[in-house]
Amino acid sequence: DTGVSQDPRHKITKRGQNVTFRCDPISEHNRLYWYRQTLGQGPEFLTYFQNEAQLEKSRLLSDRFSAERPKGSFSTLEIQRTEQGDSAMYLCASSLENSLSPLHFGNGTRLTVT
Amino acid sequence: AQSVAQPEDQVNVAEGNPLTVKCTYSVSGNPYLFWYVQYPNRGLQFLLKYITGDNLVKGSYGFEAEFNKSQTSFHLKKPSALVSDSALYFCAVRDMLRSSNTGKLIFGQGTTLQVKP
């Protein structure tokens with residue numbers, strides 16, 4: 001399967017701990033997105049990469065959140081000093097550079113902060 | 001601001017009956033609209049998109065959507081529902097406001113479709 005891959009699928013952590021998630025996009029896709037989805041809501045945009053450049057960040061992305069895509073391939077999303085409000089599904093998506101191409105999503109990482 | 005609205009939290013339909021999941025949009029300029037489906041504990045799967053051209057767009061798994069400019073709607077339809085169609089459906093619009101044109105999508109809040117045998 002050459003779809004978008006996310007790791008881990010589930011993460012349980014205690015408040016105040018740091019967590020890091022990984023996303024491997026479809027190999028020929030140079031656009032990569034992170035979204036957050038809470039129960040009963042649609043996905044909310046967090047940040048966007050074109051190759052290795054982070055070109056847009058949502059106001060939802062507080063300074064405790066940082067994302068990287070060092071070689072323009074996989075990406076990581078780190079949350080420092082987690083809070084209970086960070087509990088959500090974190091979704092990664094990728095697409096071709098054509099702005100009309102659909103986004104292809106991974107299965108997400110479900111974070112639970114206790 | 002660009003947005004989509006899904007007025008129904010849940011739609012219930014009997015297997016074999018036609019289904020409609022509603023979506024309305026608000027955009028500046030031409031709308032680029034998408035439908036996605038999400039099964040429990042999974043990511044979103046692309047169903048179909050409207051960019052330009054025919055107002056009736058056909059997609060995966062027998063789904064289609066009708067674009068109506070005058071009503072600013074993009075309703076998802078299927079002539080005959082299956083129990084396996086039960087899932088969470090999201091309408092989305094491409095964010096075209098930023099000059100960098102990131103291609104990101106803005107999603108509605110979702111509609112749960114329940115198809116009963």
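The values are calculated or read from the model by the stated rules, or taken from the named source; none is laboratory data. Note that the coordinates shown come from a computational prediction; the quantities given were computed from them, not determined experimentally. We place every Cβ from the backbone using ideal geometry, glycine too, and count neighbours over all the protein chains shown. Just so you know, the surface numbers come from the protein's heavy atoms only, side chains and all, with ligands and any DNA or RNA stripped out. Shrake-Rupley method; radii C 1.70, N 1.55, O 1.52, S 1.80 Å.
Would region A:67-85 turn up any residue that is modelled with pLDDT of 95 or more, touching a Pro at 6+ places or on another chain (Cβ under 7 Å) and more than 8 Å from every other protein chain (Cβ to nearest Cβ)?
Checking region A:67-85: not a single residue is modelled with pLDDT of 95 or more, touching a Pro at 6+ places or on another chain (Cβ under 7 Å) and more than 8 Å from every other protein chain (Cβ to nearest Cβ).
Taking B:V27 as meeting all but one of (1) over 14 Å from B:L105 (Cβ atoms); (2) in contact (Cβ under 8 Å) with a residue 24 or more places away in the chain, write down the number of the exception.
Going through the list (1) over 14 Å from B:L105 (Cβ atoms); (2) in contact (Cβ under 8 Å) with a residue 24 or more places away in the chain, B:V27 breaks only (1).
Please specify each residue of region A:1-24 satisfying the condition of being within 14 Å of B:L44 (Cα to Cα) and either free of Cβ contacts under 8 Å to residues at least 40 places away in the same chain or more than 10 Å from chain B (Cβ to nearest Cβ) (or both).
Of everything in region A:1-24, just one residue is within 14 Å of B:L44 (Cα to Cα) and either free of Cβ contacts under 8 Å to residues at least 40 places away in the same chain or more than 10 Å from chain B (Cβ to nearest Cβ) (or both), namely A:S5.
I'd like the residue in region A:92-114 that is touching a residue at least 12 places away in the same chain (Cβ under 8 Å) and open to solvent by 20 Å² or more (accessible area, probe 1.4 Å) and, out of all such residues, is farthest from B:T52 (Cα to Cα).
Per the stated criteria, the residue is A:T114.
Do you know which residues across region B:76-90 are open to solvent by 40 Å² or more (accessible area, probe 1.4 Å) and out of contact with any Gly (no Cβ under 9 Å at 6 or more places or on another chain)?
B:K77, B:V83, B:S84
Which condition number does B:F46 fail, the rest of (1) within 23 Å of A:R36 (Cα to Cα); (2) assigned to a loop (DSSP other than H, G, I, E, B); (3) out of contact with any Cys (no Cβ under 9 Å at 6 or more places or on another chain) being met?
Evaluating B:F46 over (1) within 23 Å of A:R36 (Cα to Cα); (2) assigned to a loop (DSSP other than H, G, I, E, B); (3) out of contact with any Cys (no Cβ under 9 Å at 6 or more places or on another chain) leaves (2) as the failure.
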